[in-house]
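*Asks:* Sharing a structure below in structure tokens format, with a few things to ask.
The values are calculated or read from the model by the stated rules, or taken from the named source; none is laboratory data. What you are looking at is a predicted structure, and each value in this text was computed from that prediction instead of being measured. We place every Cβ from the backbone using ideal geometry, glycine too, and count neighbours over all the protein chains shown. Quick note on the areas: whole protein, heavy atoms, side chains included, nothing else; ligands and nucleic acids left out. Shrake-Rupley method; radii C 1.70, N 1.55, O 1.52, S 1.80 Å.
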Amino acid sequence: NPHYGNKIFSMRWWVWDFHNGPYDLLLCDNPCIFTSGIKDTNCTIALPISPQKAFMATQSDNVATIMRRQRPRDLAMRINESLVNQARVRVYARTQLPARRFIENRIKMRKA
């Protein structure tokens with residue numbers, strides 16, 4: 001869709017490196033996270049591209065500044081929670097533990 005593509009192309013992009021974090025990013029079968037609709041000026045897109053890096057995009061410098069002030073540990077946790085919550089069938093992790101426990105706990109909460 002050219003309209004949505006142009007919106008994404010005009011966003012501020014960067015790659016966030018989580019290599020110093022306490023755990024890896026997860027992946028799932030529906031991995032692109034939108035914090036709100038693409039038309040919302042506060043929309044943020046997050047897409048893990050490896051266990052330690054995520055593509056990030058925002059529409060405003062203000063939101064980008066807020067994002068960059070987040071502790072990497074907290075942001076990685078929110079990304080992982082969002083991925084587990086929006087997974088359709090599969091969630092992928094580089095290592096089995098503690099990712100397995102994290103995933104199982106969130107899936108139980110989702111089903112409750």
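*Asks:* Using the crude model of +1 on Lys and Arg Cβ and -1 on Asp and Glu Cβ, and no other charge, please compute the dipole size for the chain relative to its Cα centre, in debye to 20.
*Replies:* That gives the chain a dipole magnitude of about 320 debye.
*Asks:* Taking 1 over the mean of 1/r across every pair of different Cα atoms in the range 53-105, what Kirkwood radius in Å do you get?
*Replies:* The Cα-based Kirkwood calculation yields 12.8 Å.
*Asks:* Translational diffusion coefficient, Stokes-Einstein: compute it for the range 1-81 using the Kirkwood radius over C-alpha pairs as Rh, at 25 °C and 0.890 mPa s, and state it as an integer in µm² s⁻¹.
*Replies:* Estimated diffusion coefficient is 188 µm²/s.
*Asks:* Fully extended, how many nm does the chain gain between Ser10 and Asp40 (0.36 nm per residue separation, minus their Cα-Cα distance)?
*Replies:* Additional length available on full extension: 9.5 nm.
*Asks:* Quick one: accessible area per residue over the range 63-112, 1.4 Å probe, rounded to a whole number of Å²?
*Replies:* That works out to 75 Å² per residue.
*Asks:* Suppose R0 equals 30 Å; then what is the FRET efficiency for Thr65 and Arg100 from their Cβ-Cβ distance, rounded to the nearest 0.05?
*Replies:* Efficiency, from the Cβ-Cβ distance: 0.30.
*Asks:* Moving on. Please report how far the C-alpha centroid of the range 43-82 lies from that of the range 15-38, rounded to the nearest whole angstrom.
*Replies:* Taking the Cα centre of the range 15-38 as reference, the centre of the range 43-82 is 7 Å away.
*Asks:* Tell me, what % of the accessible area of the chain is carbon and sulfur with a 1.4 angstrom probe?
*Replies:* 52
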